[in-house]
1. In region 134-150, is there at least one residue being in contact (Cβ under 8 Å) with a residue 12 or more places away in the chain, surrounded by 12 or more Cβ atoms within 10 Å (Cβ to Cβ) and within 16 Å of ligand 2 (Cβ to nearest atom)?
2. Cβ-Cβ below 6 Å, separation at least six or inter-chain, first residue in region 178-197 and free of Cβ contacts under 8 Å to residues at least 60 places away in the same chain, second among the polar types (S, T, N, Q) and within 16 Å of ligand 2 (Cβ to nearest atom): which pairs?
3. Given the condition open to solvent by 10 Å² or more (accessible area, probe 1.4 Å), more than 13 Å from ligand 1 (Cβ to nearest atom) and within 19 Å of the chain's Cα centre (by Cα), answer yes or no: does some residue in region 9-22 qualify?
4. Looking at region 83-101, which of its residues are part of a loop (DSSP other than H, G, I, E, B) and buried (at least 16 other Cβ atoms within 10 Å of the Cβ)?
5. Does R71 meet the test of being assigned to a loop (DSSP other than H, G, I, E, B), open to solvent by 60 Å² or more (accessible area, probe 1.4 Å), away from ligand 2 (no atom under 16 Å from the Cβ) and closer than 26 Å to V189 by Cα?
6. Can you tell me which residue among A252, A218, A203, A244 is over 17 Å from D166 (Cβ atoms), among the hydrophobic types (A, V, I, L, M, F, W, C) and open to solvent by less than 30 Å² (accessible area, probe 1.4 Å)?
7. Out of all the residues in region 149-171, which are small (G, A, S) and closer than 29 Å to L44 by Cα?
Amino acid sequence: MIIAQISDLHVQPAGQRAYGIVDTNRLLAAAIDQLNRLQPQPDLVIASGDLVDERTAAEYEMLKALLAPLRAPLYLAMGNHDNRTAFRTVFPDLPYLPPTGFVHYVLEEYPVRIIVLDTLVDGAGYGDMDAERLTWLQAQLAAQPHQPTIIFMHHPPFATGLLGMDQSRCRGNEALADLIAQHPNVQRVACGHLHRSIQTMWAGTVGSVAPSVAHQVALKLSEAQPPALVMEPPAFHLHLWDDATGLVTHTAFIGEFAAYSCQTKAAIALYA
Ligand SMILES: [Fe+2]
Ligand SMILES: [Fe+2]
């Protein structure tokens, strides 16, 4: 089973660039094109929040148009740049979505159980797993305590050393850690928000952050360095699940890169 995780799309109204700089719409189109050319195809694609940039219905309309060519089944999650009302107005009939309230849900039809959380706090950059959301997650985890499970959430609940960004991580993270630590069947907590590829151990499982399919956040590991965006290569994560090997994650860069057959002299020299 292959799960493609795309994150932090930050889609704009037609013709606009994020922060006047990043052509996020073009970059998402390139990501979709690359996903469509993957062999084998992913079983599903999860977009882990910051689907749009300014929370407008016009942006969600553009998002819908850009996502339409995707061949694999798609599931959407909320980030701090999202707006549940505008999102539901444009995507009113997604069968996996609850009609009101938090945009969280469980996918039971795959070999790995997938729980998608909604950490959005309206008007805030940080996320939250408050008592209501935690109670919902507790019930979902209790329903299938032995099934391998991946939790997707936009805001990482763990610290990463990106000090400027860590301030906006998910609140309620200590209670969340206690809950997840009680469920060793949780194979992964897969996040977005930080626009970099990051891995850590947290709450007895692996925490990961997917890079953005658009701009990245500069690797600044000091409080004296405020967050900045950087045009490092856009990328996505491919999570491979196999009952024998467990969960393995690859970072797939988006773009055309020179490739050399192992029959060529240069490649033989590299790998000999
Ligand atoms: Fe983002
Ligand atoms: Fe975010």
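The values are calculated or read from the model by the stated rules, or taken from the named source; none is laboratory data. This is a predicted model, so every value here is computed, not measured. Cβ sites come from the backbone with ideal geometry, for glycine too, and all protein chains shown count toward neighbours. SASA here: full protein model, heavy atoms, side chains in, ligands and nucleic acids out. Shrake-Rupley method; radii C 1.70, N 1.55, O 1.52, S 1.80 Å.
1. no
2. R196/Q216
3. Among the residues of region 9-22, not one is open to solvent by 10 Å² or more (accessible area, probe 1.4 Å), more than 13 Å from ligand 1 (Cβ to nearest atom) and within 19 Å of the chain's Cα centre (by Cα), which makes the answer no.
4. N83, F91, L97
5. Criteria met by R71.
6. A252
7. A159, S168
Residue by residue, here is whether (1) within 16 Å of ligand 1 (Cβ to nearest atom); (2) outside any helix (DSSP H, G or I); (3) open to solvent by 10 Å² or more (accessible area, probe 1.4 Å) holds:
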site	(1), (2), (3)
I3	no, yes, no
A30	no, no, yes
D33	no, no, yes
N36	no, no, yes
D50	yes, yes, no
E54	yes, yes, yes
Y60	yes, no, no
A65	no, no, yes
H81	yes, yes, yes
